[in-house]
Amino acid sequence: MSKRPAKCYTEIDRPPYTRREYVRGGPEPKIRIYDMGNRQVKLNLRGDLIIEERCQVSHKALEALRISVNRNLTDKMGKDDFHFVIHVKPFHVIRENRMMAFAGADRLQDGMRRAFGKPVGSVARVREGQVICSIWANDSPRNRELLKKILHIGGMKLPRPSRVKLVSEENKS
């Protein structure tokens with residue numbers, strides 16, 4: 001059976017389901033790495049990707065964001081000239097009541113009877129105005145344009161609109 005599209009799970013419509021000790025089975029989140037680049041260097045330009053609507057972001061979307069942003073950063077800036085962090089983590093487990101869709105399937109399933117569902121993935125619940133990820137780099141006009149462009153590309157992986165905010169700071173926190 002095929003997976004449902006991610007748009008089926010972007011709305012926050014029920015209480016969080018996060019207690020993994022009660023959840024039997026289900027896949028592990030695809031995203032494993034949340035902190036990339038050079039952590040020791042003091043960098044003074046921070047670019048934030050901020051989501052504009054309340055929603056749920058799947059673990060696959062977070063991994064796609066991480067891969068695209070990290071690949072663009074290493075290609076354009078090198079491995080040691082940035083620090084990239086993803087701030088949200090997929091704790092909420094999503095469930096699906098799978099239904100069969102072939103001839104004679106109505107004799108094999110119970111429909112909505114006992115329809116709690118099986119775990120199919122995990123999502124991060126985000127609120128409006130929350131920072132999804134941040135990139136630190138040295139402050140220069142070239143790096144400002146690069147961070148805007150790279151974070152815009154990463155924002156395309158999210159299910160809701162996002163914006164980029166650049167902040168000059170004295171030292172990285």
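Just so it is clear, none of the values below were taken in a lab; they were calculated from the coordinates. Everything numeric here is computed off the predicted structure, so don't read it as measured data. Please note: Cβ atoms are built from the backbone with ideal geometry, for glycine as well, and neighbour counts cover all protein chains shown.
Below is a table of values for the structure above.
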| quantity | calculated |
| --- | --- |
| Whole-angstrom gap from region 124-173 to region 42-114, using each part's C-alpha centre | 17 Å |
| Convex hull per residue volume in Å³, alpha carbons only, for region 16-98 | 138 Å³ |
| Cα centre as origin, Lys/Arg/Asp/Glu Cβ charges: region 50-173 dipole, Debye | 420 debye |
| In region 1-107, the GluC sites (Glu not before Pro) that fall in loop regions by DSSP, at most 10 other Cβ within 10 Å | E21 |
| Cα-Cα P(r), region 48-165, percent of pairs per 5 Å interval | 2, 11, 18, 17, 13, 10, 8, 6, 5, 4, 3, 2, 1, 0 |
| Highest-fluctuation residue, M77, M156, M100 considered, GNM on the chain with Cα pairs under 10 Å | M100 |
| Theoretical gain in end-to-end length, E170 to E28 [0.36 nm per residue, Cα-Cα removed] | 47.3 nm |
| Computed E for N97/R163 - FRET, C-beta separation, R0 35 angstrom, nearest 0.05 | 0.45 |
| Loop-resident sites, region 26-111, for chymotrypsin sites (Phe, Trp or Tyr not before Pro), counting at most 13 other Cβ within 10 Å (DSSP) | F102 |
| Residue-span extension gain [I67 to K3] - 0.36 nm each, minus C-alpha spacing | 20.9 nm |
| Gain in span if fully extended, Q109 to D80, counting 0.36 nm per residue against the direct Cα distance | 4.9 nm |
| Two-site label geometry, K42 and S140: point separation in nm, points 7 Å out along Cα→Cβ | 1.9 nm |
| In degrees, nearest ten, helix 59-77 long axis to first principal axis of the chain (Cα) | 20 degrees |
